[in-house]
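The values are calculated or read from the model by the stated rules, or taken from the named source; none is laboratory data. Keep in mind that what you see is a predicted model, and the values were worked out from it rather than measured. Quick reminder, even Gly has a Cβ in these numbers, built from the backbone with ideal geometry, and neighbours come from all protein chains shown. To get the accessible areas, we keep the full protein, side chains included, count just its heavy atoms, and leave off ligands, DNA and RNA. Shrake-Rupley method; radii C 1.70, N 1.55, O 1.52, S 1.80 Å.
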Amino acid sequence: MSEISTVQDLVRRLGERGAHAAVITVAEDGTTTAIGYAELGGTALRLAHGMLAAGVRPGEPVVLLGPNSTAWIAARLALAAIGSVAVALDDLTSDAELAVLMPDSGARVVFAAGGHVPRLRALPHADTLRVYSLDDTAGPSWRSLLDAQAQALPAIAPENDCMLVFTSGTTGTPKAFLLTHGNLAANINGLVAARIVGAGDRALLPLPLHHVYPLTVGCLTALASGATIVLPAGVTGPQIVRALQRGRVTVIVGVPRLYAALVGAIEARVAARGRMARRIFDSTLRLSVMVRRRFNRRIGRTLFASLHRQFAPELWLMASGGARFEADLIWKLEGLGWEVLSGYGLAETASILTANRRDRAKIGSEGTPLPGATLRIASPGADGIGEIEATGPSVFRGYRNNAEANAAAFTPDGWFRTGDLGCVDHDGYVYIAGRVKEMIVLGGGKNIFPEELEKIYAESPYIRELAVLESGGALVALVVPDFEAIAATGNRRVEDIMRVALGERAATLPSFQRVAGFAVTREPLPRTRLGKYQRFQLPELYARAKSGMPTRGPDEFTAEDRALLAQSPAREIWAWLVARYPGRTLSPDLSPQLDLGIDSLEWVTMTLELAERFGISLSEQDAADAVTLRDLVARASAKAGAKEPAAAPVLVQEQPWLEQPGMFARAAGEVLRLVNKGLMRGLFHLRIQGLENVPARGSFVIACNHLSDLDPLVVAAALDRARLERVWWGGEVGRLFHTRAGRALARIAHIFPVDERAPATAVASGADVLARGNALVWFPESWRSPDGELQAFLPGIGHLLSRAPAPVIPARISGTFAAMPRGRRVPRPVPLRIAFGPALDPERLAARGSGDSRPARIANALHDAVAALPR
């Protein structure tokens, strides 16, 4: 198709492609419906004539409100054909937004999905609206306009307005602006000339067409190129995959979040097959990426042939826009065998300013400018980064009725200030660094680009989403944990897991990029439909999450929730929970740990109450798997039929581990003691202070800070043979006891198994050690410090000393974090130190410490004692 000057030209020429499929719709059940180019063009022109006959005039605003459909596309093309101004609103627009946007649009004609018709009728001055149903379910159908007598289409010039756009709301202050036929035509012509897709391609369009990017690139450019548009039934994973397969898709027009979800689904599927399958997959992917990087060859389609057959046999290209595409994600997709092309632009530039071309793409860049577009970097810094300014035929004229916004948006010489920070390399390729308004400026003039930092912090498998922001002059993070991944570990200390995950990443960053605080929320972070964070909402959400205020109302119960709680004993269990936590508004989605503060030891009390009141026996495993109160009630209800009393907590999980080892094990232990002592004192120059405070006989507990896997070796090297022979240690069952060699070492070194899922058992085992007249080493933080600083002490040490009172010796280890922090396998030979403080009495600790329970007071006072020791 030759170049067009208006979108009307495109509509007129659709019929030239005859019966070739223009749009294929894939239904929920997988059935497909196709409409050819001639039929689509004919329908759009008939509808245009009907609109003219009904009094719709060139330049008049007309609203489109509904999900993607063939009818929506036909109506959009018809409006372009008669020169009316299309006002496409988000299908998810709320009633409050609709009440503002409808009168602001000035429209008196609306094409809407049937579900929106009652909402439109409820608006003030609704009697002035003419509403046509796009899906033939309510009121007059759009098809009623098809039978009008043909009329001559009005002449349209490139400078005529084609669409009214409301900004997506990333800043909280949507603005309105107009795009002309010439703006859109410039983009369409440039992309068609790049020959990215052709008549043989089928382009999946999962993005909502009210956005300029999917409209321009996914719809209008696809039609101008002769490609076939494939519309899925929805945007869920199964619906996308079904459309890829049934529509025989060759190209996806998407956004980075869609492709990130795709890669995540593939990796999860591989991980489900076991550790070996994951290793093979990762190794193969690394090989494929290496070949692509070094030799510019895509071998992924061959290496992952089965994946392509199962997923989308004909898919070869993934096109992306709307948000920055991270290079790491692109390389993964390229390694898997797909070609990835990204571009850059804004709604104000009719979507595209720059694009990567086939065989000329630079991964990590956004490509080079389209024909006619010119970019420059304003006031670049030493790194070449500055604000991107643009001019060209696709750039809009300005914001409607907003002189203040226009003064800020354009330079004195007429260039559009995009608000994006970036640079251009010597080949003319554009790189995006972030948004000017989103850039965080900290004290001292340090600049933070949120997206860059969020990518680093969110690498943890236990973090689902993360956004950084400024609060009180400091850099902080709002975090959505992956509760399912956390539950799989058996550890319910969500905030501790988040603290460690953030601390690990912070250790690799400059000091000014380290978050000074964080808040945890269960709610997805607010985004636009194209995946960008609505950052104007983050400060309030952070403040609410930090204060513990609920983000959901008590009435947010699903139909399934109401059905569950209508039955006995779920109804009674829920009433018990409500009574147990007075003053709290409970909902099924609340997290027992995060929202109600139910820790591992509190769970023991709850299970006993469940047994006494309802005769229901729940295990600590049940608690570990209960991510929400819904899970807890469902599990309790499912076990109600057993009617057997809950067993008391198991006192000792593995009694044999607390027995004295045999002669051979003792001999091996002596050899290990000497070797360890030589290494610690020779290689690490271990210094010991206050050893005289450690009793030579009797039961006692050594409570240490925890920095590294070297910590137990430091304690062992500091003690003489007589003391060490009487010392027992707790060891995480998942790290040590799953191999024969690990179990043998545990016998030699007096280590008994500890399971995070069974804290009561760990306390009982420790108490048994003390009852036998032995000593115990306990790390009250449980977690190794992520940053080398002393963490809060968990109340487990308080429960232990309340159950088995014994002198406790505070000990502080220094240097092991520098020698071997988390993630490091080989230690550095740096000087180490351990200081032992005087023995403390649990009763005095309980009297001295702060907290709402005796165990908490003991733990907090002991924390202060360890903190006071030299480091």
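Normalising by the residue count of region 659-727, find the relative contact order in percent from Cα pairs under 8 Å and 6+ residues apart.
Rounded, it is 45 percent for region 659-727.
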Note down the relative contact order for region 240-382 as a percent, whole number, built from C-alpha pairs under 8 angstrom at least six residues apart.
23
In the chain, taking the dipole from +1 charges on Lys and Arg beta carbons and -1 charges on Asp and Glu beta carbons about the Cα centre, the listed residue (I35, A859, G50) farthest towards the positive end is A859
Of the accessible area of the chain, with the probe set at 1.4 angstrom, what percent is carbon plus sulfur?
54
In square angstrom, what is the accessible area per residue of the chain with a 1.4 angstrom probe?
43
Using the basic label-point model (7 angstrom from Cα toward the beta carbon), what is the W316 to K546 distance in nanometres?
5.3
Report for the chain the percent antiparallel among DSSP-assigned beta bridges with both residues inside it, nearest 5.
45
7 Å from Cα along Cα→Cβ at both E572 and E523: what's the point-to-point distance in nm?
3.6
Calculate, for A34 and A261, the FRET efficiency according to 1/(1 + (r/R0)^6) with r their C-beta to C-beta distance and R0 35 Å; round to the nearest 0.05.
0.80
For the chain, take the longest principal axis of its alpha carbons; what is the angle in degrees between that and the long axis of helix 95-105, to the nearest 10 within 0 to 90?
30
Given points 7 Å out from each Cα along the Cα-Cβ axis, report the T508 to N406 separation in nanometres with one decimal.
4.8
Between D136 and D852, what length comes free when the chain is fully extended (0.36 nm per residue of separation minus the Cα-Cα distance, one decimal in nm)?
251.5 nm
Whole-Hz ³J(HN,Hα) from phi, Karplus 6.51 cos²θ - 1.76 cosθ + 1.60, for region 323-328, glycine and proline x:
7, 5, 9, 5, 4, 4
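Within a Cβ distance under 15 Å of P313, other residues only, what is the Lys/Arg minus Asp/Glu net charge?
+4
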Taking 0.36 nm per intervening residue step and subtracting the Cα-Cα distance, what contour gain separates R248 from I280 on full extension?
8.6 nm
Any idea which of S288, I229, A474 is furthest toward the positive side of the dipole for the chain, if Lys and Arg beta-carbons carry +1 and Asp and Glu beta-carbons -1?
S288
Long-range amide H contacts for R464: which residues qualify at under 5 Å (H placed 1.01 Å from N, peptide plane, sequence gap of 5 or more or a different chain)?
V480, D482
For region 122-162 and region 309-351, distance of Cα centres in Å
35
For the chain, what is the calculated [θ] at 222 nm in deg cm²/dmol (nearest 500), taking -39500 (n - 2.57) for each run of four or more DSSP H residues and dividing by its residue count?
-10500 deg cm²/dmol
Nothing charged except the Cβ atoms of Lys and Arg (+1) and of Asp and Glu (-1): what's the magnitude of the dipole of region 742-858 about its Cα centre? Round to the nearest 20 debye.
400
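Could you tell me what % of all Cα pairs in the chain have separations over 36 Å?
Within the chain, distances greater than 36 Å cover 58 percent of Cα pairs.
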Helix 256-271 versus the longest principal axis of the chain: what angle, 0 to 90°, nearest 10, using Cα atoms?
50
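Too long at a 25 Å Cα-Cα cut-off: which of K175/K332; K332/K362; K175/K546; K175/K362; K455/K532? Could you put the intermediate results ahead of the total?
On the way: K175/K332 37 Å; K332/K362 15 Å; K175/K546 32 Å; K175/K362 33 Å; K455/K532 13 Å.
As for pairs spanning more than 25 Å Cα to Cα, those are K175/K332; K175/K546; K175/K362.
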Dipole check, region 372-460, charges on Cβ (K,R +1; D,E -1), about Cα centroid: among A458, A382, L442 the Cα furthest to the positive pole belongs to L442
Identify the residues of region 412-428 with backbone N under 13 Å of a label point that sits 7 angstrom from the Cα of L442 along the Cα-to-Cβ direction, or state none.
none
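Need one number for region 701-854: average projected area of the convex hull over its C-alpha atoms, nm².
Hull-based average projected area comes out at 9.6 nm².
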Would you grab the residues whose amide H sits under 5 Å from the one on G398? Only those 5+ places off in sequence or on another chain, please, with H modelled 1.01 Å from N.
L178
Between R803 and R844, what FRET efficiency comes out of the Förster formula 1/(1 + (r/R0)^6) with R0 = 22 Å and r the beta carbon distance, rounded to 0.05?
0.80
More than 21 angstrom apart: percent of Cα pairs within region 422-514:
41
Given a Förster radius of 22 Å and the C-beta distance between S144 and V100 as r, what FRET efficiency does 1/(1 + (r/R0)^6) yield to the nearest 0.05?
0.15
To the nearest 20 Debye, how big is the dipole of the chain about its Cα centre, given +1 on the beta carbon of each Lys and Arg and -1 on that of each Asp and Glu?
2440
Computed for region 210-287: size of charge dipole around the Cα centre, +1 on C-beta of each Lys and Arg, -1 on C-beta of each Asp and Glu, debye to nearest 20, value 400
